[in-house]
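Here's the structure, in structure tokens; my notes come after.
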Amino acid sequence: MATEGKTIRCRAAVAWKPGEVLSVEEVEIAPPKAHEVRIKVVASGVCHTDWAYLHGAGKGMELRPFPLVLGHEGAGVVESVGADVTRFSPGDKVIPLFLPQCGECECCLSPKTNLCKANWAKTQQGVLADGTSRITCKGQQVFQFLGVSSFAEYTVTLETNLTKIHPDAVLERVCLLGCGVATGYGAAVNVAKVEKGSVCVVFGLGAVGLAAVMGCVGAGAARVIGVDVNPDKFSRAREFGVSDCVNPRDHGRPVQDVLVDMTAGGADYALECVGDVDVMRSALESCRSAWGVCVIVGWTELEEMKLRPFHLLMGRTLKGTYFGGWKSVTDIPRLVEQHLAGQLKLDEFVTHTLTLGEVNHAFQLLAGGKSIRSIIKM
């Protein structure tokens, strides 16, 4: 492309300080260095984690350096590649990944985990392998959220944080596989390993929770109960296969007690998709003793979860998951192909399609419980 090797001026939504609204600015995106790829971002989902890192910085979330460009659920097209990049070419459709897969570290070589150590600490601090970002604005470095920054018209990622997908993929939909849908779906099928005929409870009916519901239903669960404090989400949850909807605010006792009664002893599987430590405890205690499995899917970093060891000693299992257990580079293209084959819902998650200039409105919709997933179309 004509821009290869040159700095690209484009627009990005910059978070200058924690807690402040994003500002759409002209930024400079430097050319990719060795083992890096520059992408023309086509679309990005707006994930609750983006909102949480902006408004929960230093509270429930670790404080990342600012200014930064948020966004980690994107899809786009390769614009150019840096030296020694062999797996990508200009024009390839790709999904950037906040979770790398280098294929060489002990985690990548183990079937027991999907985690990867490649440049992990650096991308968590908003920089690439050399300790700098490729984004500048008004003469200063702008950090890249989780090494991605998809709230920009262009971005640069490490090749280990990128996967090539089927050329027929609709980028405005498969971007959801960069985080939310893949995480919730994988939590059910990879981590909980939901069995046919089982009873499941899903806490939180946003995009991640509905994806978990989709995984439970796909695995053959006989009953899926959805729990949320926002009853406006119940009709859509039923469309995904939820059989019963429970609003904890409608009951004068702990919701786990309600669920244990509803299931004659507790659920076989409970998936917490909120990121609230009190809800995590409720999820664990809603599981059946002896064999119930609780999977923590929702994200929080600094808060502490309290539990009674008795609930584990009686045979319950408490597990956590990151990105749904998927080996990112190799598994996400397979999920794209499942979607293309009609086996994986994506359209049904999208409630709003907005422009980059409307990103703050997308956050308002999310925080107000008015959206499942908003897509920012560049």
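The values are calculated or read from the model by the stated rules, or taken from the named source; none is laboratory data. Because the structure is a prediction, the values reported are computed rather than measured. Every residue, glycine as well, gets a Cβ built from its backbone with ideal geometry; the counts of neighbours run over all protein chains shown.
Observations
- If you filter the stretch 1-31 down to residues that are among the aliphatic types (A, V, I, L, M) and surrounded by fewer than 16 Cβ atoms within 10 Å (Cβ to Cβ), you find that the one that is nearest to Pro65 (Cα to Cα) is Val21.
- Being under 17 Å from Val329 (Cα atoms) and modelled with pLDDT of 95 or more holds for only one residue in Gly220, Gly178, Gly197, Gly184, and it is Gly178.
- Of the residues making up the stretch 275-292, one or more are touching a strand residue (DSSP E or B) at 6+ places or on another chain (Cβ under 7 Å), modelled with pLDDT of 95 or more and basic (Lys, Arg).
- Every residue from the stretch 355-365 that is surrounded by 15 or more Cβ atoms within 10 Å (Cβ to Cβ) and either touching a Lys or Arg at 6+ places or on another chain (Cβ under 7 Å) or outside the structural domain of Ser23 (by TED's automatic domain parsing) (or both): Leu356
- Number of the exception - Val201 against (1) under 19 Å from Leu318 (Cα atoms); (2) touching a Leu at 6+ places or on another chain (Cβ under 7 Å); (3) part of a helix (DSSP H, G or I): (3)
- Only one of the numbered conditions (1) out of contact with any helix residue (DSSP H, G or I) (no Cβ under 8 Å at 6 or more places or on another chain); (2) surrounded by fewer than 15 Cβ atoms within 10 Å (Cβ to Cβ); (3) modelled with pLDDT under 95; (4) not assigned by TED's automatic domain parsing to the domain that holds Thr160 is not met by Gly368, and that is (4).
- The stretch 121-146, residues that are over 17 Å from Thr7 (Cβ atoms) and surrounded by 15 or more Cβ atoms within 10 Å (Cβ to Cβ): Lys122, Thr123, Gln125, Gly126, Val127, Ala129, Phe143, Phe145, Leu146
- All of (1) among the aromatic types (Phe, Trp, Tyr); (2) farther than 30 Å from Arg223 by Cβ; (3) in a helix (DSSP H, G or I) hold for Phe143 with one exception: (3).
Residue-wise test of (1) more than 18 Å from Thr351 (Cβ to Cβ); (2) outside any helix (DSSP H, G or I); (3) polar (S, T, N, Q).
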residue	(1), (2), (3)
His166	yes, yes, no
Arg173	no, no, no
Gly186	yes, no, no
Val191	yes, no, no
Leu205	no, yes, no
Gly215	yes, no, no
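- Qualifying residue in the stretch 259-272 (condition: of a type in the set (Val, Ile, Thr), crowded, with 18+ Cβ neighbours inside 10 Å and part of a helix (DSSP H, G or I)): yes
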